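I have placed the structure first, in the form of structure tokens, so that the comments after it can refer back to it.
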Amino acid sequence: MALEAGPGPMNIDRFAIGFDHRDRERLFALWEQALDAEVWSDGPLTQAFENAWTSLNGVAAVATSSWTGAALAAFEFFELRGRTVLCPSNTFMATPLALRAAGANVEFVDCNRHDLCMSFDDFEAKADRHSPAAVVLVHIGGHLAFDSDRIAGYCRDHDILLIEDCAHAHGGSWNGRRAGTWGDAGIWSFAPTKTISTGEGGMLVSKHAELIEYARAFRNYAKPDYAQPGLNYRMSEFTAALGIVGVERLEEIVTWKNDVARRELDPKHAARVEFPAGMVSGFYKYVVFDPIERSTGKVYDEPCHRVLGHQVDLPNSDWIAEHHWCAPLYYNPAVRPALEAVSK
Ligand SMILES: Cc1ncc(COP(=O)(O)O)c(C=O)c1O
């Protein structure tokens, strides 16, 4: 069956992964490389994707089959079993579920209303109360958590591990600094909705060489000596090829999204997330605080502490669940003018 070339019309009622169809040829050439080499997993394309991610973010990287695989590698490496870990309630359930799967005791922290990310004030209060071994800081929406510096400073001073959930943060930066470089580890997702996707996929980044080495073994049953935990969290070469192409296109995607946001969405949405000086959002989501007619929905409908029945008062997380919406902002350069018609 022949595939139709070229991007289709943007249709916000039907979510479409923002693959740039000009990249088909490049992608198919990489897939041919995998077939020619007859190396289908954990090979040169995976390594090339990791190298590209390192060049982009300035920190060593290990590719995995999903965010979850990378998260479990980090949580096991830091031996969080039976220890308390602070986690924002305004995140995807993956964050607390992976912590629980690794045996950690999760305590939820509130967010700020202005950036949807962990609040330093509530983090400090919860750190005082629970003496955590670690905190997971989630960068929600494509920008970086505004309190990243303060939370990282507190963690340094109090010997708390800082792990960043970078699942939304592709292309975001703050004064040139990328997500995943504040903490002891950063965990990325390339799941289907992400700013660049590999279908499924993840990446662990860390300044700790021992963690990088541990994660490489962790994703492959801890071969050859099985001296540490490990299962199959490998990335296939075909998946890695999508990642390479995505990295090559990322800057253009982020520039495009920022351009559309500034010119076409900002004038219509006065009540929105406003970024501090020097911050660039990758615009995984364009978040507004007034209801909009043609919203693509919410980042999350229900805070995790409510889903999991934790009896803790997190008023800002509850407020955010009620009072934010996302305006459509899907990368698709060929249909740029159509945005006018589909966003209120
Ligand atoms: C904040 C956050 N953390 C973790 C994940 C989990 O990623 P994956 O599906 O690759 O395991 C997601 C995925 O959507 C996410 O949004």
Using a Gaussian network model of the chain with C-alpha springs under 10 Å, which one of 222, 71, 277 is most mobile by mean-square fluctuation? 277
At 1.4 Å probe radius, can you tell me the per residue accessible area of the range 222-344 in Å²? 48 Å²
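Counting only DSSP beta bridges with both residues in the chain, tell me the antiparallel percent, nearest 5.
About 55 percent, rounded to the nearest 5.
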Packing-ranked peptide list from 124-133, 223-232, highest mean Cβ count within 10 angstrom first, is 124-133, 223-232
Share of alpha-carbon pairs per 10 Å distance bin for the chain, given as whole %: 6, 26, 33, 25, 10, 1, 0
Cut-off under 5 Å, modelled amide H: who pairs with residue 138 long-range: 118, 165
Cα centroid of the range 118-152 to Cα centroid of the range 193-261, whole Å: 24 Å
In the range 249-342, if the dipole is taken from +1 on Lys/Arg beta carbons and -1 on Asp/Glu beta carbons about the Cα centre, which of 275, 255, 317 is farthest to the positive end? 255
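Please report Rg over Rh for the range 215-329, where both radii come from the alpha carbon positions and Rh follows the Kirkwood definition. Please report the intermediate quantities before stating the final value.
Numbers: Rg = 20.1 Å, Rh = 18.0 Å.
Here the Rg-to-Rh quotient is 1.12.
Hey, which of these cross-link pairs are over 22 Å Cα-Cα: 207/298; 194/257; 194/223; 194/298?
From 207/298; 194/257; 194/223; 194/298, over 22 Å: 207/298; 194/223.
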Sequence order, the range 28-38: Karplus ³J(HN,Hα) from phi using 6.51 cos²θ - 1.76 cosθ + 1.60, θ = phi - 60°, Hz rounded, Gly and Pro as x, gives 5, 5, 5, 5, 4, 4, 5, 5, 4, 6, 6
Show me, for the range 111-116, the HN-Hα J-couplings you get by feeding each phi into the Karplus relation (A = 6.51, B = -1.76, C = 1.60, θ = phi - 60°), rounded to Hz, glycine and proline as x. 10, 7, 6, 7, 10, 6
Give the long-range amide H neighbours of residue 220: residues separated by 5 or more places, or on another chain, with amide H under 5 Å away, using H modelled in the peptide plane at 1.01 Å from N. 231, 233
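The values are calculated or read from the model by the stated rules, or taken from the named source; none is laboratory data. As the structure is a prediction and not an experimental result, all values here were calculated from the model. FYI the Cβ positions are ideal-geometry reconstructions off the backbone, even for glycines, and counts take in every protein chain you see. Accessible surface areas use protein heavy atoms only, side chains included; no ligands, DNA or RNA. Shrake-Rupley method; radii C 1.70, N 1.55, O 1.52, S 1.80 Å.
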